[in-house]
Amino acid sequence: MLVLPVLVLLSRPVCSLSRLVRAGMVDALASPYAAHARRYGVPGARVRYAHALPNALAPAAQQLARTVDWLLCGVIVVEALFVIPGLGTVLLNAVAERDVPVVQGLAVVFGVLTVVLNLGADVVAYRLTPRAGVAA
């Protein structure tokens, strides 16, 4: 049913997020703290999932928030292309009918959602990065 619109929307973000996490894991596993944990005999799975993965996920959390924001804009196009009812269709109809209060309301909703997503991503990145809570 909705397989094609979902594939259209998620093809780019899934690829970019997976590359970002992979690059973060490569950097984290090559870092001195991962080598130090391996020298102490910490199992490989624990080094990967308890030490390296949180550091690799911190930038991915922020990229995910930007991706969700990008998806909001992409949804408007995909809804119009595949004739799916939603906020994008409402926005396009309001623009076509020059219904300014609806356009303003949706702009506020999209703006607040963007701010909340970025704030949530910053909090998640702060919690995932172990260096963030340490005073210098």
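For the options Pro54, Pro13, Pro43, a Gaussian network treatment of the chain with springs between C-alpha atoms closer than 10 Å singles out Pro43 as fluctuating the most. Adding -39500 (n - 2.57) for every DSSP H run of four residues or longer, then dividing by how many residues the chain holds, sets the calculated 222 nm ellipticity at -26500 deg cm²/dmol.
The angle separating the long axis of helix 87-96 from the principal Cα axis of greatest extent in the chain is about 40 degrees. Placing +1 on the Cβ of every Lys and Arg and -1 on the Cβ of every Asp and Glu, with no other charges, gives the chain a dipole of roughly 900 debye about its Cα centre. Taking the empirical scaling 2.2 N^0.38 Å for compact globular proteins as reference, segment 3-133 has a Cα radius of gyration ratio of 1.43. Summary of the geometry: segment 58-120 and segment 1-53, compared by the centres of their Cα atoms, lie 29 Å apart.
Normalised by the number of residues in segment 3-133, the average gap of Cα pairs under 8 Å and 6 or more apart makes the relative contact order 28 percent. The stretch between Val109 and Thr89, if pulled fully straight at 0.36 nm per residue, gains 5.7 nm over its current Cα-Cα span.
Shape summary of segment 77-125, radius of gyration then Dmax from alpha carbon positions: 13.6, 42 Å.
In the chain, the longest principal axis of the Cα atoms and the axis of helix 53-82 are about 20 degrees apart. Using Cα atoms only, what is the angle between the long axis of helix 100-128 and the major principal axis of the chain, expressed in degrees (0 to 90) to the nearest 10? That works out to roughly 10 degrees.
Throughout, read-outs are computed from the coordinates displayed, never taken from laboratory work. Values in this document were obtained by computation on a predicted structure and should not be read as measured data. In this analysis, Cβ positions are derived from the backbone assuming ideal geometry, glycine residues included, and neighbour counts consider all displayed protein chains.
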